[in-house]
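Data block below; observations after.
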Amino acid sequence: QVQLVESGGGLVQPGGSLRLSCAASVRTFSRYNMGWFRQAPGKEREFVAAISWSGGNIDYADSMKGRFTIHRDNAKNSVHLQMNSLKPEDTAVYYCAADYLSSPSRSADDYDYWGQGTQVTVSS
């Protein structure tokens, strides 16, 4: 069983930055691909970014490329999402997810474990 706990969300003005973190309680964290997804009110869950177990394979949704950066620290069982140049349309609950030993996926259905989410609100 993998438990994931997100943190770092909050209220930020347009153009601002936030750094989300996800802490995983599993000894074999380095065997999991990790993903970030988000869900805005009334919308479906949306892929944001994913990183392979080794960190060598990274994928971003097109609208996040150049603004968001995903990074993992296997020694600390954590994955982070640095979000810059935030826009009001980035407002959503952001979720961390884990997928055991496969290629990073953009599909939420491929992830086995999910955190509870952290709210990000971009507003002036």
Checklist entry - Of SER102, SER30, SER78, which has the largest mean-square fluctuation in a 10 Å C-alpha GNM of the chain? => result SER102
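When the accessible area of the chain is split by element with a 1.4 Å probe, what percent falls to carbon and sulfur?
Working: 2850 of 6360 Å².
Carbon and sulfur together cover 45 percent of it.
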Next on the checklist: Using a 1.4 Å probe on the protein heavy atoms only, what accessible surface does SER21 show? Give it in Å² to the nearest 10.
Outcome noted: 30 Å²
Checklist entry - Near LYS87, which aspartates and glutamates are there with a Cα under 17 Å away, not counting those fewer than 8 places off in the same chain? => result GLU46, ASP62
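For segment 1-62, take the convex hull of the Cα atoms, compute a quarter of its surface area, and give me that in nm², please.
On the way: hull surface 22.8 nm².
Value for segment 1-62: 5.7 nm².
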Checklist outcome for this item: Once Lys and Arg are counted +1 and Asp and Glu -1 for all other residues with Cβ under 15 Å from that of MET64, the total becomes +2
Checklist entry - Over all Cα pairs of the chain, how is the pair count split among 10 Å bins, expressed in % and running from 0 up to the last occupied bin? => result 15, 51, 29, 5, 0
Next on the checklist: Give the residue list of GluC sites (Glu not before Pro) in segment 1-101 that are DSSP loop and have at most 10 other beta-carbon atoms within 10 angstrom.
Outcome noted: GLU44
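Are there trypsin sites (Lys or Arg not before Pro) in segment 29-86 that DSSP marks as loop and that have at most 13 other Cβ atoms within 10 Å, and which are they? Walk me through the intermediate numbers first.
Working: sites: ARG31, ARG38, LYS43, ARG45, LYS65, ARG67, ARG72, LYS76; in loops: LYS43, ARG45, LYS65, ARG67.
The qualifying sites are LYS43, LYS65.
Please work out the average accessible area per residue across segment 2-95, using the 1.4 Å probe convention, and give it in Å². All intermediate terms of the calculation are to be shown ahead of the outcome.
Working: 4640 Å² over 94 residues.
Per residue, segment 2-95 has 49 Å² of solvent-accessible surface.
The values are calculated or read from the model by the stated rules, or taken from the named source; none is laboratory data. In this text, all values refer to a predicted model and were calculated from it rather than measured experimentally. Backbone-built Cβ (ideal geometry, glycine too); neighbour counts: all protein chains shown. Areas reflect the complete protein model, heavy atoms only, side chains present, ligands, DNA and RNA absent. Shrake-Rupley method; radii C 1.70, N 1.55, O 1.52, S 1.80 Å.
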